[in-house]
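**Q** Take a look at this one; I'll ask things after.
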Amino acid sequence: MAKTQDILMPMEQEGSKSVVRAWLKQVGEPVKQDEPIVELETDKVAVEVPAPADGVLQSIALGEGEEAAPGAVLGVLALG
């Protein structure tokens, strides 16, 4: 079974409402560690969330327009 890693909503956004603005990668696309993978919008700023590791975007848990809480799983990477 392939190893996976969750893509998490940054905790520093605590206290502010965040919405998934856009996925910069689609399911099945390869990503490099620290490459922007999803864009979030708060009531103050837009934030890009980087990939936590090299891998392939396996699934998207929160789609565009959905609200994300601090620490929420945004998607899953298949590592390697």
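The values are calculated or read from the model by the stated rules, or taken from the named source; none is laboratory data. Note that the structure is a prediction, hence the values are computed from the model and not measured. Note that each Cβ is placed from the backbone with ideal geometry, even for glycine, and that neighbours are counted across all protein chains shown. We work out accessible area using only protein heavy atoms, side chains counted, and drop any ligands, DNA or RNA first. Shrake-Rupley method; radii C 1.70, N 1.55, O 1.52, S 1.80 Å.
**Q** Setting aside same-chain residues fewer than 8 positions from Lys3, which lysines have a Cα under 29 Å from its Cα?
**A** Excluding near neighbours in sequence, the set is Lys25, Lys32.
**Q** Same structure, new question: Leaving out ligands and nucleic acids, note down the accessible area per residue over the chain with a 1.4 angstrom probe, in whole Å². Before the final figure, lay out each step's value.
**A** On the way: 4670 Å² over 80 residues.
Per residue, the chain has 58 Å² of solvent-accessible surface.
**Q** Give me the number: length gained by fully extending Glu48 to Ala2, i.e. 0.36 nm times residue separation minus the C-alpha to C-alpha distance, one decimal in nm.
**A** Values: separation 46, 0.36 × 46 = 16.56 nm, distance 2.62 nm.
Net length gain for the segment: 13.9 nm.
**Q** Just to be sure I understand the curve: with the Debye formula and one point per C-alpha of the stretch 18-80, what is log10 I(q)/I(0) at q = 0.24, 0.25, 0.26 Å⁻¹?
**A** Relative scattering, expressed as log10 I(q)/I(0), comes to -0.98, -1.05, -1.12.
**Q** Okay, moving on. Given charges of +1 on the Cβ of Lys and Arg and -1 on the Cβ of Asp and Glu, with all other atoms neutral, how large is the dipole of the stretch 12-80 about its Cα centre, in debye to the nearest 20? Don't skip to the end; give the middle numbers.
**A** On the way: 5 positive and 13 negative charges, 22 e Å.
Here the size comes out at about 100 debye.
**Q** Here is a follow-up. Heavy atoms only, probe 1.4 Å: what % of the accessible area of the chain goes to carbon and sulfur, would you let me know?
**A** Working: 2330 of 4670 Å².
Whole-percent figure for carbon plus sulfur exposure: 50.
**Q** Ranking request for peptides 47-54, 65-72: highest mean number of other beta-carbon atoms within 10 Å first, then the rest in descending order. Don't skip to the answer; put the middle values down first.
**A** Values: 47-54: 17.1, 65-72: 13.9.
Result, highest mean first: 47-54, 65-72.
**Q** Answer with one residue from Val19, Pro36, Leu57: the one whose Cα lies farthest towards the positive end of the charge dipole of the chain, charges on Cβ with Lys, Arg +1 and Asp, Glu -1.
**A** Leu57
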